[in-house]
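Contents: one structure, followed by commentary.
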Amino acid sequence: MAMPAALDPSATPARWQDFLQLMKPRVMSLVIFTAITGLVCSNHPIHPVLAAVSIFCIAVGAGASAALNMWYDADIDAKMRRTRGRPVPAGRVQGSDALALGVILSLFSVMLLGMTVNWLAAGLLAFTIFFYAVVYTMWLKRSTPQNIVIGGLAGALPPVIGWAAATGTMPVNAWLLCAIIFMWTPPHFWALSLYTSEDYEKAGVPMMPVSAGPASTRKQILIYSLLFVPLCLVPTLTGLGGKAYLGVAALGGAVFLLLAWRVFRSRAGDAADSRQDDGLYDVKAAAKDARNLFAFSILYLTLLFATLLAEHVLGASPFVAPGAFG
């Protein structure tokens, strides 16, 4: 596996904001949110301090993964418009500092979670960090167009970790939350890659539009969407989701499928994006359908987990009586 090229740091000392950016705070916020949902949906009593420590450790672990990712991917990040402003390729943080931060935070988060909460949750957190930093970043990302399909497991595990932190177990409903995020990942990221494929091609990353072409990518987005939306309804059959969740999953799922169909029928990705900025949402007309699916996918996943969280906090009755899934 090729190591990233060393990049010269600027003369300006790194600020604390640069180290915070290394941990991808926007991604970390989604990890925290889904982990809290898993912890709360377990319906198991846990001391508030231990709950806070659990979420803190999961957040730190996510930041550690991101720092290791930015260290290793500095060479390709420097070639892509969307990532060239990150701290390492921009020269604000040395690669060795990003590596040290990632390793230290990894050890700290796993050990603290294990010693204060339980070692099952800590083991899952350690696996998640390893899977994202080594399996995805160092291997899959540069070797296969299925990189985000397989690598999506790392981003899907936080609710399972949260559930395990609360109960010390990993029941079917915990893995159902994981499966929803896992199946959401391909249409979400492939929609983005349809209008950023020029960046991936320039960096030599075999993202699906680069390897299989935009037409094949649009078809696979539709296929995964047809599998993803029905999966989102399953929590109502396992005692995890209630009537409110059913409404959100069904109505939002219908919109998701409509947007995926429009992407399938569009020409998104057929021509290079001529944008001069780094924005994810400022695209030309041909790519708007892909942009719309990408944006709505974030909203839909957020609404699904927010509804589950609200139902369990408020004690709403599940759509069907809980069985052996929780």
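Calculated FRET efficiency, W16 to A321, Cβ-Cβ distance, R0 = 56 Å: about 0.65 to the nearest 0.05. Taking label points 7 Å from Cα along the Cα-to-Cβ direction, N43 and I150 give a separation of 3.8 nm. Arranged from fewest to most other beta-carbon atoms within 10 Å of their beta carbon, S54, S65, S29 become S29, S54, S65. Only the Cβ atoms of Lys and Arg (+1) and of Asp and Glu (-1) were treated as charged; on that basis the dipole of segment 42-134 about its Cα centre amounts to roughly 340 debye.
Working from Cα pairs under 8 Å separated by at least six residues, relative contact order for segment 66-124 is 29 percent. Under Stokes-Einstein, with the Kirkwood radius over Cα pairs as Rh, the value for the chain at 4 °C and 1.567 mPa s is 64 µm²/s.
With helices defined as uninterrupted DSSP H runs, which ones in the chain have an alpha carbon span along their own long axis of at least 15 Å and mean Kyte-Doolittle hydropathy of at least 0.0?
25-41, 48-72, 95-116, 119-130, 172-194, 214-233, 243-265, 288-314
Dipole check for segment 172-326: with +1 at the C-beta of Lys and Arg, -1 at the C-beta of Asp and Glu, and the Cα centre as origin, the magnitude is about 420 Debye.
Suppose R0 equals 56 Å; then what is the FRET efficiency for S96 and A244 from their Cβ-Cβ distance, rounded to the nearest 0.05? Write out the running numbers ahead of the final one.
Values: r = 49 Å, r/R0 = 0.88.
Rounded to the nearest 0.05, the efficiency is 0.70.
The value of relative contact order for segment 172-326, using C-alpha pairs under 8 Å at least six residues apart, is 34 percent.
The mean sequence separation of alpha-carbon pairs under 8 Å and at least six residues apart, normalised by the residue count of the chain, gives a relative contact order of 19 percent.
Counted by neighbouring Cβ atoms within 10 Å, the residues K243, K79 run from fewest to most as K243, K79. Ranking of E311, E198 by neighbouring Cβ atoms within 10 Å, starting from the fewest: E198, E311.
Applying 1/(1 + (r/R0)^6) with r as the Cβ-Cβ distance of I298 and A271 and R0 = 35 angstrom yields a FRET efficiency of 0.90.
Report the extension gain between F127 and A310 in nm, rounded to one decimal, defined as 0.36 nm multiplied by the number of residues separating them, less their alpha carbon distance.
Values: separation 183, 0.36 × 183 = 65.88 nm, distance 2.90 nm.
The F127-A310 span can extend by a further 63.0 nm.
Counting only pairs 8 or more residues apart or on different chains, how many lysine pairs in the chain have their Cα atoms under 18 Å apart? The result is 5. In segment 172-326, a dipole from Cβ-located charges (positive for Lys and Arg, negative for Asp and Glu) runs towards its positive end, and of L194, L226, A179 it is L226 whose Cα lies farthest in that direction.
Bear in mind that the values in this text are calculations on the coordinates, not laboratory data. A quick note: this is a predicted structure, and the numbers were derived from the prediction, not measured. We place every Cβ from the backbone using ideal geometry, glycine too, and count neighbours over all the protein chains shown.
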